[in-house]
Amino acid sequence: MLTERIWAANSLRNFHYLIACPETGEALAVDPLKWELCLQAARERGWQITQILNTHEHEDHTGGNEGLRGATGARVLAHAGAAARIGGVDRGLTKGDLIKVGRTVELECLDTPGHTMTHVCLLAHTEQPALFSGDTLFNAGAGNCFNGGDPQRLYDTFASQLARLPDATRLYPGHEYLARNLEFTLDREPDNQDAAATLEQARRHNAAEAPVTTLGQEKRINTFFRLQNPTVIARLRALFPEIGAHPEERTVFVKLRELRNRW
Ligand SMILES: [Zn+2]
Ligand SMILES: [Zn+2]
């Protein structure tokens, strides 16, 4: 599996991805908002974009569908429940579906509600697994729930699916928010040395060269995976005494998400 990350250089800080089969050169484009950049990247590598996948229905992920489909004839794939809202979807996806790219690439569709209720992530079971996480999981952060989401469901997705993936899994999110999210982690957990070191490193790179993290790393630097950390709980309790000394992970997650909304 060949993976190309494309930086949109827009104010929303989108990342697009091309996932290609090394044997046939067929490629799938993930959330290609700036579709011309994706097309150009594919041409430079001699790849043909045959599929477009939207992780969810928000315009900053679907807005390039028409242009890229017009230029390539690619089929559009999205969550079955989002298909009507997106329009022009050729294949509605449900949990466990397999998406083939060329002869060698197989991606598993995960049903991951929370940011919206119809959001998919893609999991590649490659030697080093890879997760294309849309707006569900970001580097050092979690998606917001402002536009059709639900923090309780987002917690369920984190706890029952994302936290269980192998530590070696490489993370490919829909936006570049690494430094900003690390600042939030450090606000909640000032003694987190890994987050401080990663922030220093992140500030040395521009967004186009942002490091790719693994889930193992995320568990150390992403406050939304650190729900039993004593510092996180103590600082949360200072703001929300009602959570008590031993809050459930779900409670911690939802309160953190609430704080991040106005942080
Ligand atoms: Zn979104
Ligand atoms: Zn987005």
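The values are calculated or read from the model by the stated rules, or taken from the named source; none is laboratory data. The shown structure was predicted, so the numbers you read here are calculated from the model rather than taken from an experiment. Glycine also receives a Cβ, built like all others from the backbone with ideal geometry; neighbour counts cover every protein chain displayed. Accessible surface is based on the protein model in full, side chains and every heavy atom, while ligands, DNA and RNA are left aside. Shrake-Rupley method; radii C 1.70, N 1.55, O 1.52, S 1.80 Å.
If the condition is being within 16 Å of ligand 2 (Cβ to nearest atom) and crowded, with 19+ Cβ neighbours inside 10 Å, then the stretch 61-97 contributes 61, 62, 64, 65, 78, 79, 82, 86.
Consider the stretch 39-51. How many of its residues are under 16 Å from residue 91 (Cβ atoms) and either within 16 Å of ligand 1 (Cβ to nearest atom) or assigned to a loop (DSSP other than H, G, I, E, B) (or both)?
Applying the first criterion (under 16 Å from residue 91 (Cβ atoms)) to the stretch 39-51 yields 49-51.
Cutting the leftovers down to either within 16 Å of ligand 1 (Cβ to nearest atom) or assigned to a loop (DSSP other than H, G, I, E, B) (or both) gives us none.
Count: 0.
Scanning the stretch 227-250 for residues that are assigned to a helix (DSSP H, G or I), open to solvent by 70 Å² or more (accessible area, probe 1.4 Å) and touching a helix residue (DSSP H, G or I) at 6+ places or on another chain (Cβ under 7 Å) gives 235, 237, 250. For the stretch 99-107, the count of residues that are of a type in the set (A, V, I, L, M, F, W, C) and open to solvent by 40 Å² or more (accessible area, probe 1.4 Å) is zero.
I want to confirm something. Restricting to the stretch 2-38 and keeping residues that are at positive phi and either in a helix (DSSP H, G or I) or of a type outside the set (D, E, K, R) (or both), which single residue is most open to solvent (accessible area, probe 1.4 Å)?
First, pick out the residues of the stretch 2-38 that are at positive phi: 9, 13, 25, 31.
Among the residues that remain, those that are also either in a helix (DSSP H, G or I) or of a type outside the set (D, E, K, R) (or both) are: 9, 25.
Working: 9: 72, 25: 8 Å².
Going through the qualifying residues, I end up with 9.
Only residues that are away from ligand 1 (no atom under 16 Å from the Cβ) and either closer than 18 Å to residue 56 by Cα or not acidic (Asp, Glu) (or both) were counted in the stretch 10-26, giving 7. All of (1) of a type outside the set (Phe, Trp, Tyr); (2) under 20 Å from residue 130 (Cβ atoms); (3) in contact with a Lys or Arg (Cβ under 6 Å, 6 or more places away or on another chain) hold for residue 209 with one exception: (3).
Select from the stretch 208-226 the residues that are open to solvent by less than 20 Å² (accessible area, probe 1.4 Å) and in contact with a helix residue (DSSP H, G or I) (Cβ under 8 Å, 6 or more places away or on another chain) and list them in ascending order. Show your work before the answer.
Residues of the stretch 208-226 open to solvent by less than 20 Å² (accessible area, probe 1.4 Å): 210, 213, 215-216, 218, 221-224.
Those that are open to solvent by less than 20 Å² (accessible area, probe 1.4 Å) and in contact with a helix residue (DSSP H, G or I) (Cβ under 8 Å, 6 or more places away or on another chain): 210, 213, 215, 218, 221, 222, 223, 224.
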